[in-house]
Amino acid sequence: MVPLFIFYLHTVAAVYAYTKRWQEAGVKEGILAVAFFAIIFSVAWTLATFLLHEVSPPAGLGPGLDRDALSLLLLTIGEGFFYYWYLKK
């Protein structure tokens, strides 16, 4: 359930980034914002998964928070700070 919520949150954030950039600079900038969002998401998810597989137990913190859910949660927290700084203008 946690990964589903996190993926939904990322979908909403991508739509927000597209809409914000589209209104400010046009369709091309909106598409570039979503592409940037996708690249950051995929690279950061890979790094978060690698880090948590090294430091957390295989079961994670319970049935709802296994290692993969924890890596997505770590990713979301890090991206939250990054995108707040990136989109706050």
Exercise. Hey, among the residues in region 27-36 that are of a type outside the set (F, W, Y) and under 15 Å from Y86 (Cα atoms), which one's surrounded by the most Cβ atoms within 10 Å (Cβ to Cβ)?
Worked result: A33
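Residues checked against (1) surrounded by 13 or more Cβ atoms within 10 Å (Cβ to Cβ); (2) touching a residue at least 12 places away in the same chain (Cβ under 8 Å):
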| site | (1), (2) |
| --- | --- |
| H10 | yes, yes |
| A14 | yes, yes |
| A17 | yes, yes |
| A25 | no, no |
| A48 | yes, yes |
| G60 | yes, no |
Exercise. Out of all the residues in region 33-59, which are touching a helix residue (DSSP H, G or I) at 6+ places or on another chain (Cβ under 6 Å) and under 16 Å from L4 (Cβ atoms)?
Worked result: W45
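Quick grid of which residues meet (1) closer than 16 Å to L72 by Cα; (2) over 15 Å from the mean Cα position of the chain (by Cα):
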position	(1), (2)
Y16	no, no
G26	no, yes
I39	yes, no
A44	yes, no
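Only the coordinates and a few stated rules stand behind these numbers; no lab work does. This one's a predicted model, so the numbers in the text were calculated from it and none came from an experiment. As a convention, Cβ positions derive from the backbone with ideal geometry for all residues, glycine included, and neighbour counts pool all protein chains shown.
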